[in-house]
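Below is one structure; the comments refer to it alone.
The values are calculated or read from the model by the stated rules, or taken from the named source; none is laboratory data. Keep in mind that what you see is a predicted model, and the values were worked out from it rather than measured. Don't worry about glycine lacking a Cβ; one is built from the backbone with ideal geometry, like all the others, and counts go over all protein chains shown. Heads up: the accessible areas ignore ligands, DNA and RNA and are worked out on the full protein's heavy atoms, side chains in. Shrake-Rupley method; radii C 1.70, N 1.55, O 1.52, S 1.80 Å.
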Amino acid sequence: MATLNTKTGQTVDRSTLESMLRRRLFYTPSFEIYGGVSGLYDYGPPGCALQANIVDLWRKHFVLEEDMLEVDCTMLTPHEVLKTSGHVDKFADWMCKDPKTGEIFRADHLVEEVLESRLKGDKEARGEKVVVDEEKEAKKKKKVKETKAVKLEDAVVKEYEEVLAQIDNFDGDGLATLIAKYDIRNPATGGNLLPPVAFNLMFQTSIGPSSNMPGYLRPETAQGQFLNFQKLLEFNQQSMPFASASIGKSFRNEISPRAGLLRVREFLMAEIEHFVDPAGGKKHPRFVEVKDVEMALLNRDVQLSGSTKVELMTIGKAVETGLVDNETLGYFLARIQLFLERLGVDKTKLRFRQHMANEMAHYAADCWDAELQTSYGWIECVGCADRSAYDLSVHKNKTGAPLVVRETRAEPLKIEEWQIDLEKKKFGPRFKKDSKTVEAAVEALSQELREKLSLELAETGKVVLDVEGVASGKVELEKDLITIEKRTRVENVREYTPNVIEPSFGIGRILYCLMEHVYWSRAGDEARGVLSFPPVVAPSKVLLVPLSTHASFRPLCQRLTTKLRRLGVSNRVDDSSASIGKRYARNDELGTPFGITVDFQSVKDNTFTLRDRDSTKQVRASEDEILQALKSLVEGDETWEDVRKRLPELLFFLPFSFQKFYSPTMAPTFASAKLTLSCPLFAADFDPRNQGFLLVGGGGGEGRSGVGNKIIVDIELSRDEDSVTSLAAAYADDDSVVALAGINSSQADQLRGENRHLRSFKIDYPQKVANDDKTNDKTEEEASEKKAAPKTTTPLSQVSLFRSKARKGKADTYQRILRLSPWRGAERARVGVVATGLAPSGEIVFFSATSSSPSSTDVVGRIQLGDGEEAEDVDIIDLPDDNDTGKFRVAYTNGVDIFTCEISSETRSNVAPEVRCVLKTPLLSGQNQTRPKFRALRFLSPTALLVLRNAPNRTGCELVLVQLPPTTGAGAEITAGASGKIIQRRKLRRAMKMGLGMDVCNLGANEKGEQQSIIAVSGGDQSIEICTVEYYPSSGRKQGQQQEQLQQQGSSYSKLRLYTTLRDVHPFSMTQLRFSTFTPPTHPITSAVGPQAVRLASVSMGNTVVVHRLPLSPYPPNSRSSRYVLHRPGPSQHWETAYSCAVALFMILLACAALQAFTEIRGLTPPHLGATNWLPTRVRDVVARPYMFAHLHPELTPSGVPSSSSSSSDIPSVQVPHRSLRDLLRAREINAKEIPDGSSAILVTVDGGNVLVQAGNEQDPRAQARAWEDMPEEDRRVWKQRLVDAGHWTVEEGEHILTGVLFAEYGGLVGDVIRGVL
């Protein structure tokens, strides 16, 4: 058996694995109760689910991704079809027969076994260690009679090894030569064998009741696809290239099936036929996407040399060097590897082996096998062959069906050729029945032969042709029957037979190899295996485990099951009586990746535990969070590590109520409001003075969609103009707000060069948000009149600031971006910036936003971008200046580079400011043209810029913090070539795929200049990621260890910290995020300052607007100079982890100490802690309610109480004072043997005011005992009061239970005194 290790380094025990697979009913031999049939297997429920998931992933990876045409063809195939394809003659293995015994052997397997046996004997003779695979030996159909320890010559050993390395390369004659050369015989009898003969592997049958139509069960699915080629081409609208695909059962009558699922007679195949034009060099348009995929290749030359060493090479290099024949073949080889990796195949156990010449299928021009390493050795699981045009050609020639492609040429093709004309009136009578044969022979003549025959005809007046089957094989044609002339033919249509690239997948083999690759066992529990299937192919995704069979768990399990099924996540409930550990272990063997535990905490607060199969780690969260996490995990959007980072981890398997004490805080929830409007929304902005007033804008575009264009709900705009693409609140007073909007003019105006894209509106406040009008200097009448006035919206201006005009005949340039500098109060100057979209060359224009009606005279600068270059995003921030000269810093990006410049609101100019590139995205050599793109940018400060960058191909996004070079103001010096520096990065959740937008809110600084900023990023999965970052000024007194570390690193910003994720915010893609302006309260902060918050608005293409309220808290609390934060700055994650571990360890030790003290008092363990000495008597008495054990620990006999060996008259082995009468009565009922009737009794005594209960003897010399039924009523009344006060008895229990109990008073005097008192 080949040695195969698991991912944990253990050796795969195949017998253990196969036993587990059969026990868990992944598969089982067919007809087993009848003895079974080799090579036939049935799949059980988990096997069926695994196979279905593999097929489903195959469809998604190939059929959907490559836009293939899937067909399902019949399994019964007529003889004539397979005769034409060559299967009847060539689809065979070589077998040889022992003429004496009639035994059949597969020739290549027999040669392999005999030579391996001889090499084994050679090793024994040389004294080398020989590893015997007993299982493989036991499964061999014909065992080698005896392994003799015979030393072979070194040359012979090398020759044997070379033969074994290329055993698949020998045909029948080659195998016959080997059998004769090496004297290979029947291993059992030593008899000679007949030469190998071909054995056809197809199952033959007859179609119909008459048996006149022979047929076969198909050996592959390909032939049905070839026969339907013309119909598929027509369905594909005559477009080439294209691919068809088919999944179905195939059948092969194997000579000697073995190796379990790896060699069977009925199996599931998935085949692709990619039809390609051979004239194009078999290029593939998507080859560039996979050319850098590295593969392990074993080429035929290495195999012929007797080696099996693979070479690691990119598929691009393999195609370039000619090792792989063409791009299309190479493309599918790479895609096959990517598919197998997605299934969970171990990449280190995968190689691609090139077929040798004699081994290649009869149709293949080049062929590679994807082989997976298993305990059986390297197993072919996928074949990828270039079948050339063989199949379509043979079927076309046989049937005459036009299995070709006809394409109209772009330009007519003139062809000079020799053409032959036959005189049909004379030709037919001359040759009669042979005329068609002769005519076909004439038409088949090549151009060279036609030219030669034309000269012969001109010289001799006749030509002689070779025509088989006519007369003597020679046919003579005179001038009056044939004419041969050179003519020019014009060809307008090109006709060709496409070539075929065929990837062929053996699903059953892939399934078994996958199970070996993902199999492992936990240390110390080797008997129980684990199948680490990726969630996408696991038979069942989730196991629901109720803690017990308690009725309260059943509704929760049913609800979870229903919701998981609606999410498309398969699940099972295991509510058996086994422990949770055993239930999880059972399902680890089934490969279930996740488990949900339902416990009593779930009943209380609807939280659940989610367990990961491989790491056994657990997290705890609410039902919705668990379901969302499972959906992301199953769909591959997140990994388990991603989930652990955002959900609180359950440590040490402690109860959840205790976990809350030290686990990370669960994701916070925010108050939110959602509104659905009548049009798609593209822009939003808050009133800078009042965060309760939000402007949103959008629309359906210019008149074509039937959807209007609007700003907020009531401002209807012209349908002849474009939708609102950008929006900003520029100015506000007590009564109204001035809004700027980007709205294209009508197409007619744009074509005339009159696109007034920047509009301004004055919008009166709704009454509910207007300031209170009843002030001291206004009369009630004035206030009443004011409130009665309806709110109005007034258009103020329309202006065109761009110099870029629409291209001739097109109206596609529009205002894409509108951004204003931060609001600093009504007195501070503001600057706005607009940027074009879809312009021939992009343009950025800066203007003073102080006026409520901007015009071209307000322009303070403009930047003209290059051809085809556009601004992806722009941001602007004011520079600190004591003189308030209105200077601003601007940053913009074209997607790949970031630029900055400085402008002033006081300057009126159309001149471009000095622009510097501060950050570039390099294009690495050898890299394709796709590279990361900057999506959005925002200033944190004049020297710090936060950038949202998307990875290529929607594979993720990250936040990048860039330190900018100094500004030109305040005497700063500009270093030549000064550029920005990336000081930190933070990758966002992979499930986001790409970032759509970003906004930042600065929360104001304290006296030290410390400040927190909130960052919101919208993702492609309709989620919003909220992060925070702390700013610590580099100058001044250092505050704390964290700031010292930051300053040592050369950065004044802390690490970007994830605060929370808002999921499924909108039904469709988000178009913009916008924070409200936060103005911190002035210092000192008193109790009169109310709660502070910021609002986050988001709008989407789905007509929805959502506003979240993010509450802020002062930091540090209870300080008059606090700053406000969303997320309190705290210790690093390492300190949090260390603190959590320390607290958990302390609580565990405390619980252990309490348990030890309890067991010491109960008498179960030795007194290591001495709990009986230091615990208060009352606590000790409560804990020490006695159990009726036969013997106590020898060290635990109470002092002053006689042991069982002190006196034969003392009570039996158990003598512990301060017992419960109730316990002894119960013990007497349960175990009559311990207190036999008449020999022992329960004795109740009073001594020093204490009521003592013990199992005693009636003849106790220290007391005069009386039975309860013998006492007078007065004495009974006294004893009942004593028992009630001591807690031994209650009135509700009745007096009957006291029958037979003895009562006594030590000394008598104490009893009299007590009786007198009572």
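Quick notes
- Hits in segment 846-873 - residues which are in a strand (DSSP E or B) and closer than 25 Å to Glu827 by Cβ: Phe846, Phe847, Ser848, Val859, Val860, Gly861
- For first residues located in segment 152-164 and within 11 Å of Gln303 (Cα to Cα), partners that are assigned to a helix (DSSP H, G or I) and lie 6+ apart or on another chain with Cβ distances below 8 Å form the pairs Val163/Val111; Val163/Leu115; Val163/Leu178; Leu164/Glu112; Leu164/Leu115; Leu164/Glu116.
- Residue within segment 491-510 that is assigned to a strand (DSSP E or B), more than 30 Å from Glu341 (Cα to Cα) and modelled with pLDDT under 85 present: yes
- Among the residues examined, Met213 qualifies as surrounded by fewer than 18 Cβ atoms within 10 Å (Cβ to Cβ), among the aliphatic types (A, V, I, L, M) and in contact (Cβ under 8 Å) with a residue 24 or more places away in the chain.
- Some residue of segment 193-207 being open to solvent by less than 40 Å² (accessible area, probe 1.4 Å), of a type outside the set (Ser, Thr, Tyr) and either more than 30 Å from Ala401 (Cα to Cα) or modelled with pLDDT of 90 or more (or both): yes
- Any chance Leu323 is open to solvent by 10 Å² or more (accessible area, probe 1.4 Å) and under 24 Å from Lys282 (Cα atoms): yes
- Restricting the first member to segment 388-408 and to residues that are touching a residue at least 40 places away in the same chain (Cβ under 8 Å) and closer than 12 Å to Leu227 by Cα, and the second to residues that are assigned to a helix (DSSP H, G or I) and open to solvent by 60 Å² or more (accessible area, probe 1.4 Å), the beta-carbon pairs closer than 7 Å and six or more apart or on different chains are His395/Leu227.
- The set of residues in segment 889-914 being closer than 14 Å to Val845 by Cβ and either hydrophobic (A, V, I, L, M, F, W, C) or modelled with pLDDT of 90 or more (or both) consists of Val890, Tyr892, Cys901, Ile903, Val911, Ala912.
- Hits in segment 840-864 - residues which are under 16 Å from Arg756 (Cβ atoms) and either crowded, with 22+ Cβ neighbours inside 10 Å or within 48 Å of the chain's Cα centre (by Cα) (or both): Glu843, Val845, Phe847, Pro854
- Residue within segment 417-425 that is at negative phi, assigned to a helix (DSSP H, G or I) and of a type outside the set (S, T, N, Q) present: yes
- Against the conditions (1) at pLDDT 50 or above; (2) out of contact with any strand residue (DSSP E or B) (no Cβ under 6 Å at 6 or more places or on another chain), Ser672 satisfies every one except (2).
- Residue in segment 1070-1080 that is over 29 Å from Thr676 (Cβ atoms) and outside any loop (DSSP other than H, G, I, E, B) present: no
- The residue that is surrounded by the most Cβ atoms within 10 Å (Cβ to Cβ), counting only those in segment 581-600 that are out of contact with any strand residue (DSSP E or B) (no Cβ under 6 Å at 6 or more places or on another chain) and farther than 20 Å from Leu633 by Cβ, is Asp599.
- Residue, farthest from Asp466 (Cα to Cα), within segment 423-447, restricted to residues that are in contact (Cβ under 8 Å) with a residue 12 or more places away in the chain and open to solvent by 100 Å² or more (accessible area, probe 1.4 Å): Lys426
- Exclusive hit being touching a strand residue (DSSP E or B) at 6+ places or on another chain (Cβ under 9 Å), farther than 20 Å from Cys381 by Cβ and open to solvent by 60 Å² or more (accessible area, probe 1.4 Å), set Lys97, Lys83: Lys97
- Count - residues of segment 9-29 that are farther than 13 Å from Gly260 by Cβ and among the small types (Gly, Ala, Ser): 1
- Residue match in segment 549-567 (condition: β-branched (Val, Ile, Thr) and touching a helix residue (DSSP H, G or I) at 6+ places or on another chain (Cβ under 7 Å)): no
- Taking the conditions (1) surrounded by fewer than 20 Cβ atoms within 10 Å (Cβ to Cβ); (2) under 30 Å from Glu635 (Cβ atoms); (3) out of contact with any Ser or Thr (no Cβ under 9 Å at 6 or more places or on another chain) in turn, Val345 satisfies each one other than (1).
- Just one of (1) open to solvent by less than 30 Å² (accessible area, probe 1.4 Å); (2) free of Cβ contacts under 8 Å to residues at least 40 places away in the same chain fails for Thr314. It is (1).
- Test: residue in segment 270-292 that is of a type in the set (Phe, Trp, Tyr) and surrounded by fewer than 17 Cβ atoms within 10 Å (Cβ to Cβ): no
- Residues of segment 366-389 classified as polar (S, T, N, Q) and open to solvent by 10 Å² or more (accessible area, probe 1.4 Å), total: 2
- Among the residues of segment 206-255, those that are within 14 Å of His79 (Cβ to Cβ) and among the hydrophobic types (A, V, I, L, M, F, W, C) comprise Ile207, Met213, Leu217.
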